[in-house]
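What follows is one structure encoded as structure tokens, with my remarks underneath.
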Amino acid sequence: MEEKDIRNELASIRNIMERSSKFISLSGLSGILAGIYALIGAYLAYRLIYKGPTRIYDSLSIGTYPETITYLLIIAVAVLVASLITGFILSSRQAKRKGQPIWGKISQTLLFHMATPLVTGGLLILILLSRGYYGIVTPSTLIFYGLSLISASNFTFSDVKYLGILEIILGLIAACLPGYGLLFWAIGFGVLHIIYGSMMYLKYDK
């Protein structure tokens, strides 16, 4: 058997093993769109916090604008839901094209390992909001999201791990610079997602 044939055979075996152990149908385009949704959400939040009749941001800590927290939560949930729906639709198409089930054992394992840090972080953030600790909400979202990506990276593309590391680093920096939470949120969930999604699209979606 020629060396070229051996390499092709090894590549085929590696591809089969990867398909059986990892979910390789994540869509890079969904990452780009999730980033765009996040930037739109950040813009709406900016208008709400900084462009109102008063400086709402300065008053959040003393609770004079509790309805603002509700509006911000609605924006955040809307961004999350839009991102999840888009990711599911585009990943389903990708899975069909690659012949991989969208809801198989691997995707279920991926979802579990990603959801555990996310749900934990989400509950903690709700507790922080209820107690008025608004300044550490953004760092918490970035850090727990980064942890969820690292946890899930063992069951999908390894590139996801590096996005998770960047999100954690950004969250730690945000914790050191209170008052710039919205900016870091826009960078972490907006800009990084667009960059990551573009790289994944060019690398795997083509």
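A compact table of results
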quantity: Given (1) more than 22 Å from LEU29 (Cβ to Cβ); (2) without any contact (Cβ under 8 Å) to a residue 24 or more places away in the chain; (3) not acidic (Asp, Glu), number of the condition HIS113 does not satisfy; calculated: (2)
quantity: Helices (runs of 4 or more DSSP H) wholly inside the range 125-186 that include at least 2 residues being at pLDDT 85 or above and surrounded by fewer than 15 Cβ atoms within 10 Å (Cβ to Cβ); calculated: 159-176
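The values are calculated or read from the model by the stated rules, or taken from the named source; none is laboratory data. Bear in mind that the values here come from a model prediction, so they are computed numbers and not experimental data. So basically every Cβ, Gly included, is an ideal-geometry build from the backbone, and we count neighbours across all protein chains shown.
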